[in-house]
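The values are calculated or read from the model by the stated rules, or taken from the named source; none is laboratory data. The structure displayed is predicted, hence computed values, not measured ones. Ideal geometry is used to build each Cβ from the backbone, glycine not excepted, and the neighbour counts take in all protein chains shown. In case anyone asks, the SASA skips ligands and DNA or RNA and just uses the protein heavy atoms, side chains included. Shrake-Rupley method; radii C 1.70, N 1.55, O 1.52, S 1.80 Å.
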Amino acid sequence: MRDRNSNGSPEDAGQAVGAPLDLNLLRTFLSVYRTGSFTAAARLLGLSQPTVTTQIRTLERQLGRELFERRARGVTPAPYADELAARVVEPLDSLAAVAGPAGSAEDAPAEPVHLAGPAELLSRCVLPGLAPLVDKGVRLRVTPGLTDPLLDDLRAGRHDLVIATFRPRGRTLTALALNDEEFVLVAAPTWARRIGTPEHLAATLHGVPLVAYAEDLPIVRRYWRHVFGRRLVRQPALTMPDLNGVKAAVAGGAGFTVLPRYLCAGELASGALVLLHDPDDPPINTGFLVQRPGTSGNPHVALVRDHLLRAARDW
């Protein structure tokens, strides 16, 4: 699928071919580019996977360029594919909008927007913020989960938007900074009184039960490195892969933990949880709103994206 003797820009390739490119081939190319998978593109287009493969190979022969490199999981666009996608995405999306189903938008039911992200952020901040859009007729299908598998599903076309806890690598997805979440060290008032305000807080907490999201302590270890400048080596007393459950256990007196501030702001304000440490430079994690490149055929995707970017300023 590679022509090693071909060089130059997309314009050069078009001139060399001397004939207009088939729009169906370009449409298939853009679907593969957006999903990062021949199989996912076939599902979106209603074609068989061999048909998609054949169409991409035909386009590559016409252009004299390799467009995709096969990987263990899907495909990766070659540099030339990035250039081609940038040239064709707007015209093809505009054409798709014009050639869409007959009838007005008011007559046809709106397509749902498939949104995914961390369960806690979705329930605490995202869903309440999207309520006005639902009232205006936007349909949502919301999926909680971990960032890595959600991004894989996004590439495969199963989601429209994903709130990710890190910026995805590569060029198959586009990411916009959404929000910064601050992590805080907390315990119930009973434990806070017993701990007091010792000079060597990190050492003192070794005698207090640790409640964590996972056995490998990803959030707590990050706090320890950033704030105390040391590696945390210990076993949690209680784990639960749900930060709301971790918060409930700690508020009930199970021990101490590290939580995103947005998740426990109410408990800190009411006194149900107490801040054990208030560093000048707390650890911060930036969340990203991620989607496939180009313009979605569903205008509600852009509506949800833009609404979330505005609402996140107040999270």
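Points worth noting:
- Test for Ala156: is it out of contact with any Phe, Trp or Tyr (no Cβ under 9 Å at 6 or more places or on another chain), over 30 Å from Leu30 (Cβ atoms) and surrounded by 15 or more Cβ atoms within 10 Å (Cβ to Cβ): no
- Restricting Glu60, Glu90, Glu69, Glu83 to those that are loosely packed, with under 14 Cβ neighbours inside 10 Å and either among the small types (Gly, Ala, Ser) or part of a helix (DSSP H, G or I) (or both) reduces the list to Glu90.
- Being open to solvent by less than 50 Å² (accessible area, probe 1.4 Å) and in a loop (DSSP other than H, G, I, E, B) is true of Leu232.
- Some residue of region 98-120 being part of a helix (DSSP H, G or I), at pLDDT 85 or above and either over 26 Å from Cys264 (Cα atoms) or open to solvent by less than 30 Å² (accessible area, probe 1.4 Å) (or both): yes
- Count of region 166-218 residues which are more than 30 Å from Leu84 (Cβ to Cβ), basic (Lys, Arg) and exposed (fewer than 11 other Cβ atoms within 10 Å of the Cβ): 1
- Filter pass, Ala248 being part of a helix (DSSP H, G or I), within 30 Å of Leu140 (Cα to Cα) and open to solvent by 40 Å² or more (accessible area, probe 1.4 Å): yes
- Cβ-Cβ under 7 Å pairs, at least 6 apart or on other chains, region 182-195 side part of a helix (DSSP H, G or I), far side open to solvent by 40 Å² or more (accessible area, probe 1.4 Å): Pro189/Val274; Ala192/Val274; Ile195/Thr204
- Residue in region 261-274 that is in a loop (DSSP other than H, G, I, E, B) and open to solvent by 60 Å² or more (accessible area, probe 1.4 Å) present: no
- Some residue of region 285-301 being more than 23 Å from Thr35 (Cα to Cα), open to solvent by less than 40 Å² (accessible area, probe 1.4 Å) and assigned to a loop (DSSP other than H, G, I, E, B): no
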